[in-house]
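The values are calculated or read from the model by the stated rules, or taken from the named source; none is laboratory data. Being a predicted model, the structure only gives us computed values, none of them experimental. Cβ placement follows ideal geometry from the backbone for every residue including glycine, while neighbour counts extend to all protein chains displayed.
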Amino acid sequence: MEQVSNFLSTTRYAIVTGGNKGIGFEICKQLASQGVRVVLTARDEKRGLEAVEKLLKESGPTDHFVFHQLDVVDPSSVASVADFVNTKFGKLDILINNAGVGGVILDADAFARAAELAGGGWVST
């Protein structure tokens, strides 16, 4: 029973990608309301800092929120946030991947050539 008690009383740490608005912003609020320390991330530093400011105004002074810039499609940015969490907290308990990532631009001719090389089996529209 003591182990369960220690687990429940231990501070938990979360990263929320795309935490500066919408569902990600609300997830940050809900996690913090449960005592979780939240690393709110956003691609745009200004918007991310504004989101943390807004959360602090709504919840009052707290150490439950911290911002770190993150572009999930940039490996160096991902490494930077991982180093930050490891240095500051030493662990990560929760990862919410909420970042909106744009799709790829498809070159229809290249796709058709690849399909042809792979043996066809597709229908052109």
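Do we find a residue being part of a helix (DSSP H, G or I) and at pLDDT 95 or above anywhere in segment 64-73? There is no residue in segment 64-73 that is part of a helix (DSSP H, G or I) and at pLDDT 95 or above.
Please go through segment 100-113 and pick out each residue that is surrounded by 11 or more Cβ atoms within 10 Å (Cβ to Cβ) and modelled with pLDDT under 70. The one that is surrounded by 11 or more Cβ atoms within 10 Å (Cβ to Cβ) and modelled with pLDDT under 70: Phe111.
Selection within segment 81-99: residues that are among the small types (Gly, Ala, Ser) and either part of a helix (DSSP H, G or I) or surrounded by 12 or more Cβ atoms within 10 Å (Cβ to Cβ) (or both). The member of this set that is modelled with the lowest pLDDT is Ala99.
Selection of first residues in segment 20-32 that are in contact (Cβ under 8 Å) with a residue 40 or more places away in the chain and under 13 Å from Val52 (Cα atoms) and of second residues that are assigned to a loop (DSSP other than H, G, I, E, B) and of a type in the set (Val, Ile, Thr), restricted to Cβ pairs under 9 Å at least 6 apart or on distinct chains, gives the following pairs, ordered by first then second residue: Gly24/Thr17.
Taking the criterion of being among the hydroxyl-bearing types (Ser, Thr, Tyr), modelled with pLDDT of 95 or more and in a loop (DSSP other than H, G, I, E, B), the only residue of segment 1-59 that qualifies is Thr17.
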